[in-house]
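Novice: To start, I am sharing the structure in question, which I have written as structure tokens.
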Amino acid sequence: MPPHRNMVVLLPHGLRADALGDSNAWPVLTPNMEKLGRRGLRLVATSACPADYGGVSCLLTGLHGRQSGLSSQGWPERCAGFPAWLRATGYHLAGVGNVQSIRPWLHEAVQVDPVEVIASEGCEYLRAMAAKGELPAIQQQRRQRLRYGPFDPDRLLLAPDSDIDGFIYTQARRLLIQMPSDRPWALIVLFSGPANDLAPPFMYSDAVDPHLVEDGFALSDFRHLDDLAELDYPRTLLQRLDPTRLGRIRADYLGRVCLVDFGIGRLGKELATRPDAHQTWVILASDRGALLGEHGLIGHRSFLSAALETPLIIAPPQQVKEQTHDTAMISTVDVAATIAALGGCDLPAGSVGRSLLPLIQHESIPSLIARGGGSIAEFGRRLMLETERFRVIFNTEDGNALGLYDLLNDPGERDNLVHKMTGRNVLDSLRWRLGEALLPIKATAV
């Protein structure tokens, strides 16, 4: 065992599990993220809250939203999660990105506000763009985003380092160079993308040919829309979707995936030059996925698989003897518990997350299914339970089931079984299993 474990924690916002090149779902290259996956443990996690910003809060605290009370509608002012635990254990902490809620526990921070913010004196990215004379164009691009989301973005001829994620990985690299060598440290990098709805910088705008990702276009079925999602964008924008526009939206998203992957590669090269690289673990996770045309929808406030499933990679300093994949049901609340185990921290009372480190050694972890429940996720008035076969969504206000899908026979989630005899036969048992899953989840202070 090394004397301590350093950590680089990479948290790209809205990264779908199938957006990595090795999933073979899209024509996209992500060699750096795939390299991390080959070095250690590559998993798919279910987002505990596929909504801004509850998903990030679940990642940081290891708590479900109903435990922490943190709103999914706005960024919390303070969010004591694994950064607070690591600092109490003696870690030196640095963070880049939207670190506002964890800043009290960081020794060094580069605050980058979300792209919803048009002007801010506290955002170091906007200050840097002002110094370069590029702030007016950035602000106009953000105003366009507020009006049209990803449907009609303002395309800027920005160099990658002037893009918000380019700025983030450049600042993360600078902080990585400055990390101490006489004490354990953790660098937390919250990338803005790929789901920030901004067009990628010009070197990445053609990373994927839009014509290659037009297939699978489907018109929105507004008859069953409320069963599938809460809209992130006006219905009129969804009604204007066609294969060409959808291909461009997908290409923009995947271009930002490539940009984030390049930044991760630059950080990896810098890490390799440090004398303590042999003591440094890399964890990559995301708060949620993103819908890219599934059922004719664009957005994320949904329990469709594309919005729920995120990649989770735990890469030790050295290659494990055998590349590890696992099909266990994993939640994003397990990320904080895993980081706590790496740092030798005690989990706070009420935590239901599990350390995933035993999976690297092909050992078992407590099973969600064995406890009689399953994986749960929640946002707004919706609560989801996923078992080994079914996914069911309930309205928490009236208790009615909104959706029920047989993931074994209907992986595309096309057939809602709620009002069919097949569904009625399993709903009662799923309600019981939901109660079992909710039993250990108690309110706790954050």
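The values are calculated or read from the model by the stated rules, or taken from the named source; none is laboratory data. Not measured: the values here are computed from a predicted model. Ideal geometry is used to build each Cβ from the backbone, glycine not excepted, and the neighbour counts take in all protein chains shown.
Novice: Take the range 227-281 and flag every residue that is part of a helix (DSSP H, G or I), among the polar types (S, T, N, Q) and within 30 Å of residue 341 (Cα to Cα).
Specialist: 279
Novice: Criterion first (at pLDDT below 90, part of a loop (DSSP other than H, G, I, E, B) and crowded, with 23+ Cβ neighbours inside 10 Å) does residue 63 satisfy it?
Specialist: yes
Novice: Just to check your reading of the model, which residue among 51, 25 is outside any helix (DSSP H, G or I) and either buried (at least 24 other Cβ atoms within 10 Å of the Cβ) or not assigned by TED's automatic domain parsing to the domain that holds residue 195 (or both)? Let's see the steps before the verdict.
Specialist: Working: 25 fails: either buried (at least 24 other Cβ atoms within 10 Å of the Cβ) or not assigned by TED's automatic domain parsing to the domain that holds residue 195 (or both).
From the options 51, 25, the qualifying one is 51.
Novice: Taking the range 271-294 as the search range and keeping residues that are over 17 Å from residue 253 (Cβ atoms) and not hydrophobic (A, V, I, L, M, F, W, C), which one is farthest from the chain's Cα centre (by Cα)?
Specialist: Here the residue is 275.
Novice: OK, next. Among the residues of the range 198-220, write down those that are more than 14 Å from residue 298 (Cβ to Cβ) and either surrounded by fewer than 16 Cβ atoms within 10 Å (Cβ to Cβ) or touching a His at 6+ places or on another chain (Cβ under 6 Å) (or both).
Specialist: Once the filter is applied, which keeps residues that are more than 14 Å from residue 298 (Cβ to Cβ) and either surrounded by fewer than 16 Cβ atoms within 10 Å (Cβ to Cβ) or touching a His at 6+ places or on another chain (Cβ under 6 Å) (or both), the range 198-220 yields 202, 206, 209, 211, 212, 215.
Novice: Would you check which residues across the range 115-154 are in contact with a helix residue (DSSP H, G or I) (Cβ under 8 Å, 6 or more places away or on another chain) and under 23 Å from residue 247 (Cβ atoms) and list them?
Specialist: Result: 115, 148, 149, 150, 151, 152, 153, 154.
Novice: Does the range 375-397 include one or more residues that are at pLDDT below 90, of a type in the set (A, V, I, L, M) and under 21 Å from the mean Cα position of the chain (by Cα)?
Specialist: So far as the range 375-397 goes, no, none of its residues is at pLDDT below 90, of a type in the set (A, V, I, L, M) and under 21 Å from the mean Cα position of the chain (by Cα).
Novice: In addition: Given 215, 232, which one is touching a strand residue (DSSP E or B) at 6+ places or on another chain (Cβ under 6 Å) and at pLDDT below 95?
Specialist: Details: 215 fails: touching a strand residue (DSSP E or B) at 6+ places or on another chain (Cβ under 6 Å).
When all the criteria are applied, what remains is 232.
Novice: In the range 92-151, which residues are small (Gly, Ala, Ser) and surrounded by fewer than 20 Cβ atoms within 10 Å (Cβ to Cβ)? First the steps, then the outcome.
Specialist: Initially, the range 92-151 is screened for residues small (Gly, Ala, Ser), giving 94-95, 97, 101, 109, 119-120, 122, 128, 130-131, 133, 137, 149.
Within the range 92-151, 119, 120, 122, 128, 130, 131, 133, 137, 149 qualify.
Novice: Continuing with this model, one more query. Tell me which residues, restricted to the range 293-312, are closer than 25 Å to residue 36 by Cα and in a strand (DSSP E or B).
Specialist: 309, 310, 311, 312
Novice: Does any residue of the range 202-209 turn out to be under 30 Å from residue 393 (Cα atoms), touching a residue at least 24 places away in the same chain (Cβ under 8 Å) and in a loop (DSSP other than H, G, I, E, B)?
Specialist: No, every residue in the range 202-209 fails to be under 30 Å from residue 393 (Cα atoms), touching a residue at least 24 places away in the same chain (Cβ under 8 Å) and in a loop (DSSP other than H, G, I, E, B).
Novice: Could you please find all residues in the range 209-230 being under 28 Å from residue 404 (Cα atoms) and among the aliphatic types (A, V, I, L, M)?
Specialist: 218, 219, 225, 228, 229
Novice: Spot the failing condition for residue 320; the list is (1) within 13 Å of the chain's Cα centre (by Cα); (2) over 23 Å from residue 56 (Cβ atoms), and only one is missed.
Specialist: (1)
Novice: Give just the number: which of (1) free of Cβ contacts under 8 Å to residues at least 40 places away in the same chain; (2) among the β-branched types (Val, Ile, Thr); (3) under 25 Å from residue 199 (Cα atoms) does residue 298 not satisfy?
Specialist: Evaluating residue 298 over (1) free of Cβ contacts under 8 Å to residues at least 40 places away in the same chain; (2) among the β-branched types (Val, Ile, Thr); (3) under 25 Å from residue 199 (Cα atoms) leaves (1) as the failure.
Novice: Further, regarding this structure: Looking only at the range 81-92, decide whether some residue is within 17 Å of the chain's Cα centre (by Cα), modelled with pLDDT under 95, outside the structural domain of residue 437 (by TED's automatic domain parsing) and part of a loop (DSSP other than H, G, I, E, B).
Specialist: Yes.
Novice: Still on this structure, I have one more. Specify which of the listed residues (97, 81, 54, 90) is at positive phi, in contact with a Leu (Cβ under 9 Å, 6 or more places away or on another chain) and touching a residue at least 40 places away in the same chain (Cβ under 8 Å).
Specialist: Answer to the selection: 97.
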